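First the structure, in the form of structure tokens, and then the observations on it.
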Amino acid sequence: MPRSKRRLSRATALQILCFVDLAKLDIETGINRYWACFESYGSDPEFANEMSRGVSASIEKLDAFLQGASEHWRLERMPLVDRNLLRLAVYELWEKKDVPVRVVLNEAVELAKLFGAENSPSFVNGVLDKIARELERS
């Protein structure tokens with residue numbers, strides 16, 4: 001399991017986002033149900049909730065970034081974990097300018113290793129690298 005408080009919080013946000021995506025819930029219901037069942041276990045619930053809400057509020061723009069950067073992969077065909085991890089990381093790249101790009105990419109790859117499939121880390125890294133370069137240009 002992740003060790004740093006921020007990584008734990010990102011892992012929590014990822015779990016909330018996957019739950020919301022899978023169960024087709026609104027973000028507030030998903031957050032409330034998540035915390036009704038789980039404790040923070042060292043994460044920062046405020047940061048996890050903020051990230052989850054941010055992704056949910058920006059999902060159309062995030063999905064447009066992802067669709068443009070993930071050639072030959074429609075969003076609905078991406079594995080649930082990869083799709084939501086990419087949304088979370090792109091949101092952080094786009095909104096959290098105080099976090100270095102390398103940190104965002106590294107955190108996403110580490111979470112992909114923990115929660116994704118065998119090919120998830122390389123897929124996530126490739127898509128995020130392309131998006132990070134696009135965002136740097138704009």
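Here are the numbers:
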item	result
Where Glu28 falls short, out of the listed (1) within 28 Å of Ser138 (Cα to Cα); (2) open to solvent by 20 Å² or more (accessible area, probe 1.4 Å)	(1)
Matching residues in the range 31-67 - criterion: being within 15 Å of the chain's Cα centre (by Cα), surrounded by 18 or more Cβ atoms within 10 Å (Cβ to Cβ) and of a type in the set (Ser, Thr, Tyr)	Ser52, Ser56
Test: Lys130 is in contact (Cβ under 8 Å) with a residue 60 or more places away in the chain, open to solvent by 20 Å² or more (accessible area, probe 1.4 Å), out of contact with any Leu (no Cβ under 9 Å at 6 or more places or on another chain) and over 26 Å from Lys24 (Cα atoms)	yes
Residue within the range 103-123 that is of a type in the set (Lys, Arg), within 15 Å of Arg10 (Cβ to Cβ) and under 16 Å from the mean Cα position of the chain (by Cα) present	yes
Residue that is nearest to Leu111 (Cα to Cα), among those in the range 68-95 that are exposed (fewer than 15 other Cβ atoms within 10 Å of the Cβ) and basic (Lys, Arg)	Arg77
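The values are calculated or read from the model by the stated rules, or taken from the named source; none is laboratory data. For clarity, every value in this text was computed on a predicted model and none was experimentally measured. Using ideal geometry, Cβ is built from the backbone for each residue, glycine included, and neighbour counts are taken over all protein chains shown. Ligands, DNA and RNA are excluded from the accessible area calculation, which covers all protein heavy atoms including side chains. Shrake-Rupley method; radii C 1.70, N 1.55, O 1.52, S 1.80 Å.
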